[in-house]
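Single-structure report; data block below.
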Amino acid sequence: MANDIRPESRGTSTNLSIFFKGHLKGQGWFRIFLGWFLLLMFIFPFYWVIVTSLNGSSQVMQYPPTFLPHWQWINYLRAWSEAPWVTYFANTIFIASTTTLLALATSLLAGFSLGVLQFKTRNLWFAAILSLLMIPQTVLLIPDYILMRDIGWLNTYWVQIVPWGASVFGIFLLRQYMLSLPRELIEAAELDGASRMKFLARVAMPMVKPALVVIGLYVFIGSWDSFLWPFIMTQSPSVQPIEVGLASFLGTNGYDWTGLSAAVVFTTLPVMLLFLVAQRQFLEGAHAFGSGLKG
Amino acid sequence: MENKFNRYSYKIDVQPSGSREKTVDNSAKIQFNKRNWDTKYDIIINRSAMQFVDIGGTLMIRHRLNKVTSLEGFVYLVPAVSIFLFFIVGPALFVLGISFFHYNILNSVSSRFTGLANYHQVFTTEAFWRSLLNTLYFIIGTVPTGTFFALFIALVLMNKFTGRGIVRVGVFAPYVTPVVATSIIWIWILNPQFGLANGILHAFRLPEVGWLQSPRWAMVGVVLYTLWHGVGFNVVIFMAGLSSISAELREAARIDGANRWQEFQKVIWPLLSPTTVFILIITTITSVQAFTQFYTMTQGGPINATTTTSYLLYQQAFLFFHTSYAAALAVILFLIIIGLTLVQTQVVRTNTGN
C-alpha cells in the first residue's frame, strides 16, 4: 500500500525505508488498526443510543446486552408526545440564530479593529479580551443572576441571547484573519478613498468569510448545547431551550430508558447533521485556533 | 491633479519628511512645484491621517485607512467590550464584593459588611475541603490523562492511513454534541446491571463495578465521559501544533540517527510546548467549571462523592440560597484557576527548557 510511507519520510530518508520496508508495512497495518479502533471507541456510544432507542424494554434489560435494534419506533412517538419539544426546538433555533448573528457582528467589528487598524492600545485590548477566558462561567452565575433579576431579564429570551453576543474565540479568529489581509488591499481602498466601514463591508468581509462561517458554526452549536446558563436563568418551558427540556425529561421520564434514548436521538440529530455537513469547517476552526496560538 | 486636491478646502498641516512643520491652506498647494511631490507627505486633515502620493505624475490624496487614534480604534470594540464589561467583568467584581458581605439577596440594602467571615466559613466547613478533593480528583482524571490521550491520538492521526479523515471526524464528533444528551447515553452505558461498561469488564473476566452508583467509581465514570466528550478538540489543536513543526527539523534529527522516541523527545515535544500549555490551561479551566455532566449523571452523589467545588457552588447558591457563602466559593474557584494556570505554565516551561 502507498499509505505506509509517512509523508515526512520522503527525501533523504526514503533510501532508508527500502531497508525497513517490511517494518514500515507492519506499522501501516498497525496504524490502520489503531485508527479504526479509536473511531469505534468514539462513535460507538452514538450507535448504542440508537440501538437502545429502537429496542423494547425487555431487550434493554437483557444481559449480556443486545447489539442489534428491534425497530420499536413507538419509543419515539411516546417520547415526542410527553414533552413540548416543538416549543423547545423553536426556542433553541431562535436563540441560537440570533446569538450567532449578534456574535458575528460584534466579532467582525472587534476583529477589524484589532487586526487592521493600527493604534497604540490595540495589543492591550487584545490581551485584555483574551484574558477573559480565565473567568469561568460558574463564578459569574451568582452576580449575573442578581443582575438579570434586577434588569428584569430572568426567564426571557434576552438573557439567553445578549450576554453570549460577544465571543472571545470569534474575536481571536477574526483578528488572525484580518492580520493576514494583504497590505495592497488596504492601500487600494485608501486610493479609492473608501471609508473604514465601506472597506470592512465590501473588502474585508468577503475575504474573511471562511472565518465567519467557522465562528457562526461554533457560536450556533455552543448556544444549542448550552445548559447551565438557561437552566439557572429561566423557569418556564415556553422560553427554555432544548437541552434544559431534555434535562427535565430525564428528571420526569428517567425510568423510561428507551423513550429517553429516543429523546436523546431526536434532540441531538440536528447538531449531528450540522456537524456532518460542515465538519470541514469545524475541524478548520479548531485547527486555526491551534495554529494561531503563537501568532 | 488640481481637481483631486480641490475637493478639500480644509486648512492642512503639511509635514515634508525631515523639515519642520508648516501650515498651508488649499491655495498654497498650487505653489508646490513638481520637485516637492517626489516624496510622500503625511498630512493631517481633521485629525485623520492622509498621505499625498505621486502616482504616475498625478497627485493623489490617500486616506490612511488603518492609522487611527486609540479612541477611534476603540469605537469598533465598543459592542463586544460593552457586552464583556456588563456581563463578565462587572459581575466578576460584583461577586468579589458580595463575598465580603452578608448579602441579602432579596433586599441588598440590608446587606452587612462582614470582612472575611464568608471565607472563614468556607475554610472551616468540611464540605468545602471534600469538594476541593473531588475537584482535584476530577482534574487529575481529565487534564493530564486527557492531554496524554489527545497527544497520542494526534500523533497517530498525523500519519497517513486508510480512512484517516473519517477517524479524525469521528474522534471530534463528541465534542460538538450537547453534554446533557450525550451524558445520558453514558448513564446507560455505565449502568451496573445492564450497561455496556460492565459487559466489557465481564467479557475480560474483570470484576464488575457499580459505576455511578458507587461512591468509589462514580467519579471515574464521569471522568470517562468527560474524556470521551472533550478529547477530540484537543486532538485537532495538537494536530495544528504538530503540523507547524517543520518537517526539515524532524528529518534532520532522523539523519542524525535519532529514533522515533528521540525525535519526539528532542524535537517534537519542546517545539510543541506552547500548544501543550494551551491545552493544559483550557482543559483545566473547563474541568474546574464542569457542571452539566455532574448534574445529569450523579447530582453530586452518591454520598457527595462527585460534589466538586463548582457543583457545591451551584447547590449553595441556587438550592440553599447561601449567596455570600457561594460568592466566596466563586472567588476561591477563580483563584484556583489562576494558580493552576500559572503552575502549569511554569512546569511545562522548565521541562522543555524554554
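The values are calculated or read from the model by the stated rules, or taken from the named source; none is laboratory data. This is a predicted model, so every value here is computed, not measured. Note that each Cβ is placed from the backbone with ideal geometry, even for glycine, and that neighbours are counted across all protein chains shown. These accessible areas exclude ligands, DNA and RNA; they are computed on the full protein's heavy atoms, side chains included. Shrake-Rupley method; radii C 1.70, N 1.55, O 1.52, S 1.80 Å.
Quick notes on this structure:
Matching residues to (1) open to solvent by less than 10 Å² (accessible area, probe 1.4 Å); (2) touching a residue at least 24 places away in the same chain (Cβ under 8 Å); (3) within 11 Å of chain B (Cβ to nearest Cβ); (4) not in a helix (DSSP H, G or I):
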residue: A:A201; (1), (2), (3), (4): no, no, no, no
residue: A:P210; (1), (2), (3), (4): no, yes, no, no
residue: A:L260; (1), (2), (3), (4): yes, yes, yes, no
residue: A:F266; (1), (2), (3), (4): no, yes, yes, no
residue: A:R280; (1), (2), (3), (4): no, no, yes, no
residue: A:H287; (1), (2), (3), (4): no, no, yes, no
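- Cβ-Cβ under 8 Å pairs, at least 6 apart or on other chains, region A:33-53 side among the β-branched types (V, I, T), far side open to solvent by 50 Å² or more (accessible area, probe 1.4 Å): A:V51/A:F67; A:V51/A:L68
- Within region B:152-172, the set of residues being touching a residue at least 24 places away in the same chain (Cβ under 8 Å) and assigned to a helix (DSSP H, G or I) comprises B:I153, B:A154, B:L155, B:L157, B:R168, B:V171, B:F172.
- Within region B:124-151, the set of residues being of a type in the set (V, I, T) and part of a helix (DSSP H, G or I) comprises B:T124, B:T135, B:I139, B:I140, B:T142, B:V143, B:T145, B:T147.
- Of everything listed in (1) surrounded by fewer than 20 Cβ atoms within 10 Å (Cβ to Cβ); (2) part of a helix (DSSP H, G or I), the single unmet condition for A:I161 is (1).
- Restricting attention to region A:164-189 and to residues that are farther than 30 Å from A:Q235 by Cβ and aromatic (F, W, Y), the residue that is least open to solvent (accessible area, probe 1.4 Å) turns out to be A:F172.
- Taking the numbered list (1) farther than 30 Å from A:G254 by Cα; (2) of a type in the set (G, A, S); (3) surrounded by 15 or more Cβ atoms within 10 Å (Cβ to Cβ) in turn, B:S183 passes all entries but (1).
- Considering residues of region B:98-113 that are open to solvent by 70 Å² or more (accessible area, probe 1.4 Å) and part of a loop (DSSP other than H, G, I, E, B) only, the residue farthest from the other protein chains (Cβ to nearest Cβ): B:N107
- Verdict on B:L133 being aliphatic (A, V, I, L, M), in contact (Cβ under 8 Å) with a residue 24 or more places away in the chain, more than 9 Å from every other protein chain (Cβ to nearest Cβ) and open to solvent by 50 Å² or more (accessible area, probe 1.4 Å): no
- Per-region count, region A:252-266, residues farther than 19 Å from A:F89 by Cα, touching a helix residue (DSSP H, G or I) at 6+ places or on another chain (Cβ under 8 Å) and among the aromatic types (F, W, Y): 1
- Selection of first residues in region B:256-282 that are part of a loop (DSSP other than H, G, I, E, B) and of second residues that are open to solvent by 20 Å² or more (accessible area, probe 1.4 Å) and not β-branched (V, I, T), restricted to Cβ pairs under 7 Å at least 6 apart or on distinct chains, gives the following pairs, ordered by first then second residue: B:A258/B:K266.
- In region A:26-54, the residues that are more than 7 Å from chain B (Cβ to nearest Cβ) and buried (at least 21 other Cβ atoms within 10 Å of the Cβ): A:S53, A:L54
Results for (1) touching an Asp or Glu at 6+ places or on another chain (Cβ under 6 Å); (2) hydrophobic (A, V, I, L, M, F, W, C); (3) open to solvent by 60 Å² or more (accessible area, probe 1.4 Å), shown as yes or no for each residue.
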site	(1), (2), (3)
B:Y119	no, no, no
B:F138	no, yes, no
B:T145	no, no, no
B:F148	no, yes, yes
B:L157	no, yes, no
B:R168	no, no, yes
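- Sole exception among (1) at pLDDT 90 or above; (2) away from chain A (no Cβ under 12 Å); (3) within 26 Å of the chain's Cα centre (by Cα) for B:W217, by number: (3)
- Test: residue in region B:151-162 that is assigned by TED's automatic domain parsing to the domain that holds B:V220 and touching a His at 6+ places or on another chain (Cβ under 6 Å): no
- Test: residue in region B:297-306 that is at pLDDT below 95 and assigned to a helix (DSSP H, G or I): yes
- Region A:96-132: number of residues that are assigned to a helix (DSSP H, G or I), more than 15 Å from B:G90 (Cα to Cα) and either out of contact with any Phe, Trp or Tyr (no Cβ under 6 Å at 6 or more places or on another chain) or at the interface with another protein chain (Cβ under 9 Å from one of its Cβ atoms) (or both): 24
- For the criterion of being among the polar types (S, T, N, Q), out of contact with any His (no Cβ under 9 Å at 6 or more places or on another chain), within 13 Å of chain B (Cβ to nearest Cβ) and assigned to a helix (DSSP H, G or I), A:T87 fails.
- With respect to being of a type outside the set (K, R), in a loop (DSSP other than H, G, I, E, B) and either at positive phi or modelled with pLDDT of 90 or more (or both), B:F321 fits the description.
- Pairing each residue of region A:143-161 that is within 12 Å of chain B (Cβ to nearest Cβ) with any residue that is among the charged types (D, E, K, R) and open to solvent by 50 Å² or more (accessible area, probe 1.4 Å), provided the two are 6+ apart or on different chains, yields no C-beta distance under 9 Å.
- Region A:55-97: number of residues that are at pLDDT below 90 and open to solvent by less than 10 Å² (accessible area, probe 1.4 Å): 3
- Test for B:A127: is it more than 7 Å from every other protein chain (Cβ to nearest Cβ), over 26 Å from B:L333 (Cα atoms), in contact (Cβ under 8 Å) with a residue 12 or more places away in the chain and not acidic (D, E): no
- B:G115 vs. criteria at positive phi and either modelled with pLDDT under 90 or outside the structural domain of B:N304 (by TED's automatic domain parsing) (or both): yes
- Number of residues in region A:190-199 that are open to solvent by 10 Å² or more (accessible area, probe 1.4 Å), part of a helix (DSSP H, G or I) and either within 9 Å of chain B (Cβ to nearest Cβ) or modelled with pLDDT of 90 or more (or both): the value is 2.
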